[in-house]
1. Is it true that C:ARG148 is in the same structural domain as C:THR197 (by TED's automatic domain parsing) and at pLDDT below 95?
2. Suppose we keep only residues that are surrounded by fewer than 22 Cβ atoms within 10 Å (Cβ to Cβ) and under 17 Å from D:CYS48 (Cα atoms) within region D:111-122. Which one would you say is farthest from the other protein chains (Cβ to nearest Cβ)?
3. Kindly establish whether B:HIS102 is open to solvent by less than 10 Å² (accessible area, probe 1.4 Å), touching a residue at least 40 places away in the same chain (Cβ under 8 Å) and in the same structural domain as B:ALA189 (by TED's automatic domain parsing).
4. Step by step: first the residues of region A:174-200, then only those that are surrounded by fewer than 20 Cβ atoms within 10 Å (Cβ to Cβ) and in contact (Cβ under 8 Å) with a residue 40 or more places away in the chain, then the one that is nearest to the other protein chains (Cβ to nearest Cβ). Which residue is that?
5. Among the candidates D:ALA157, D:ALA72, single out the residue that is farther than 22 Å from D:PRO40 by Cα and in contact with a strand residue (DSSP E or B) (Cβ under 8 Å, 6 or more places away or on another chain).
6. Identify, from the list C:VAL12, C:VAL91, C:VAL75, the residue that is farther than 18 Å from C:SER171 by Cα and modelled with pLDDT of 95 or more.
7. Can you tell me how many residues within region A:80-89 are without any contact (Cβ under 8 Å) to a residue 60 or more places away in the chain and either in a helix (DSSP H, G or I) or not assigned by TED's automatic domain parsing to the domain that holds A:CYS48 (or both)?
8. Testing B:GLY59 on (1) at negative phi; (2) within 14 Å of chain C (Cβ to nearest Cβ), one condition comes back false. Which one is that?
Protein chains: 4
Amino acid sequence: MQFVRPLPSYLVTRYHGWKATAYADNSAWYRRLAVEGQRPRAMVISCCDSRVHVTSIFGADQGEFFIHRNIANLVPPYEPDGNQHGTSAAVEYAVTALHVSHLIVLGHSSCGGVQGCLDMCNGKAPALEEKTSFVGRWMDILRPGFDRVQAREVDEAGAARALEKEAVLVSLDNLMTFPFVKSAVESGALSLHGLWTDIAEGSLEQFDPARGVYAAV
Amino acid sequence: MQFVRPLPSYLVTRYHGWKATAYADNSAWYRRLAVEGQRPRAMVISCCDSRVHVTSIFGADQGEFFIHRNIANLVPPYEPDGNQHGTSAAVEYAVTALHVSHLIVLGHSSCGGVQGCLDMCNGKAPALEEKTSFVGRWMDILRPGFDRVQAREVDEAGAARALEKEAVLVSLDNLMTFPFVKSAVESGALSLHGLWTDIAEGSLEQFDPARGVYAAV
Amino acid sequence: MQFVRPLPSYLVTRYHGWKATAYADNSAWYRRLAVEGQRPRAMVISCCDSRVHVTSIFGADQGEFFIHRNIANLVPPYEPDGNQHGTSAAVEYAVTALHVSHLIVLGHSSCGGVQGCLDMCNGKAPALEEKTSFVGRWMDILRPGFDRVQAREVDEAGAARALEKEAVLVSLDNLMTFPFVKSAVESGALSLHGLWTDIAEGSLEQFDPARGVYAAV
Amino acid sequence: MQFVRPLPSYLVTRYHGWKATAYADNSAWYRRLAVEGQRPRAMVISCCDSRVHVTSIFGADQGEFFIHRNIANLVPPYEPDGNQHGTSAAVEYAVTALHVSHLIVLGHSSCGGVQGCLDMCNGKAPALEEKTSFVGRWMDILRPGFDRVQAREVDEAGAARALEKEAVLVSLDNLMTFPFVKSAVESGALSLHGLWTDIAEGSLEQFDPARGVYAAV
């Protein structure tokens, strides 16, 4: 483990500032959260992208959101094959152990993962088609979304944005293939929500199933 | 998609508040981040747990951290078998596409996933041993850590804490099995860091490879 | 006063969001309310319970409801003994100074105070019978209700729900012992209303004196 | 009970609107709150005044705040005399049964109760000095605050505002006379906060014990 290095000093400095201020002001709550356990109201599945702030956009503090972040906020279909499925494990824990009431999939603009999928499906990214490309294989989850977008979009910018929004719908569809998600939704114990945010404009849209489109919240 | 529901109104209200304040105050930066793309200095791998605030503890704002969150902040070993590996995809993207300078694995106290692993390895959680348990199969990644902890710990509370810290080391070890991580570390382009935070006390420890122990930062 | 701490930052953040949105959109009305004084149409007496939202359930905005919240939405009998009676003071101010037109007592399901009263009256909560128990002495107000419920209910779940509804009636009865309430009611200047809401189902029932039962509104 | 009247139709109408919208969008959470019980992070003690919106100002939804509202947001001193003390009962329940982490006293501008206390202490409101005046006897709690304000204020508008802010401090001081509050504060399980809001301006100030003054949050 000789390759492990000390934390950069700028993070050490900021951590001590947090400890002396935000932690000190909230220590009673943080201690209670530790003793009583977490009881998050919602799970949020969002992208790893550094520009997506999942908590601040909703004024959420510690204890509110159970958060899974992966490339392009994707959920694969239910596949209980005994292999390792990190996203499925997170969903399983949130729904069956924590009993979250809301499951929110949050997509975003300028998503590098979605752009990679678009390039790959258009034959412009052979490296992503390699068996050894983890990003490529992960983005395979979004291929059904690409087919739907290709059928209706013309220019490339429009296609990228459409595919970002489609990624949220693919994930929502896949979530419903998990028996414990489906039964929780059907019993009224869980509600699913599809969002997309524009990083530049700070706007937020949600999918409206009645009209089949996204609309500003 | 008729199962998709509107966003709860308390989140809508809070979003509009964020838009009018934090977004308005930072729109110049957010627009630039959208146009120029993200350029995060570090990737953080942490747990989905709602009590772990990855950004606030380090005073980090949008654009700073590329964040992957999964159950128990685990990284599986390198396995380019053509299957979907969400964590490996996130690491690959951060290291080979974004060229992050730091890769931080952040563990925490009272981790439900680690406790589940402990119970499973001690034969107390047969449900987690089922092939269909996503959480159980995901926690298999930590089995090597359990063997090491079992060899030296006595009581159960001590074992849980030791295994939480071991989970970080298992992930760091596995990270080095990825050729692109190893070569970036060896060339000096990337440094790895192992942290563990106590939710109740707000304390933060880092692994010190010279002494083989965790110490307060 | 060194024990006073700064407001937790998540509330500071959310407050600034409110200031920039809801306040900004309504400042003309809020300024007028400040200059002209409040003129609420109704007083609502409800429980402190965090799950009872008195305003949202009725779409009420600032200026509409004069709200008193205490444990189990109780009103004690008229007792002008020179001691401090916070609930009586609130009722007196609402009726004689503000001349509200409606006085609504709102009970609710899963009420911890009512459950405590039930346990105490059944001899299962000796701590609540102590002279020093503020909750116990406060719940003494509901003892007449317990006697009526006990005379007709069989199982414990039924008794709790019946006593929650009885608490509203005890309060309404006690309100009529206040001379200024009684005369306002008799002159037609004030009407009294008894409600009970189920937190889980979001249902709302009101007491119908003609039939002597609660019925869905 | 023939004096009980049906709920005014405008409230019936609004309730049905809430049920079909906000309730429907949040029913999973509300059901969970009912089954699992409330776990509010904070207790707020505020005035009954219809112009003070305790939840909206902080973007708080059902389950977040345990709320006690009385005339002038007052807490009497600890007095375990076996009489009914509704405010003390609410504080006792919040601290010893719910273990809230924060206890916030929220004062406000144009407070009618505080103005009444000022008039009474200045000899201008003989009716409030009657033994039978519930409001007068309740405002006696604030008399120590009046003495301190009188020693330093000159004009009447200044005196009213100063007494509103003093009411928060009197309540905070009295809270510390409750053994269970004091021990929770001293053990770090509970933190106390003093706020004052201007209804017209939507501003919010908090008491800073280090400087002994209120400052904008």
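1. yes
2. Only one residue fits best here, namely D:GLN115.
3. It is false that B:HIS102 is open to solvent by less than 10 Å² (accessible area, probe 1.4 Å), touching a residue at least 40 places away in the same chain (Cβ under 8 Å) and in the same structural domain as B:ALA189 (by TED's automatic domain parsing).
4. It comes out as A:ALA200.
5. Answer to the selection: D:ALA72.
6. C:VAL12
7. Matching residues across region A:80-89 total 3.
8. So B:GLY59 meets the others, but not (1).
The values are calculated or read from the model by the stated rules, or taken from the named source; none is laboratory data. For clarity, every value in this text was computed on a predicted model and none was experimentally measured. Every residue, glycine as well, gets a Cβ built from its backbone with ideal geometry; the counts of neighbours run over all protein chains shown. Surface areas here come from the heavy atoms of the whole protein model, side chains and all, with no ligands, DNA or RNA. Shrake-Rupley method; radii C 1.70, N 1.55, O 1.52, S 1.80 Å.
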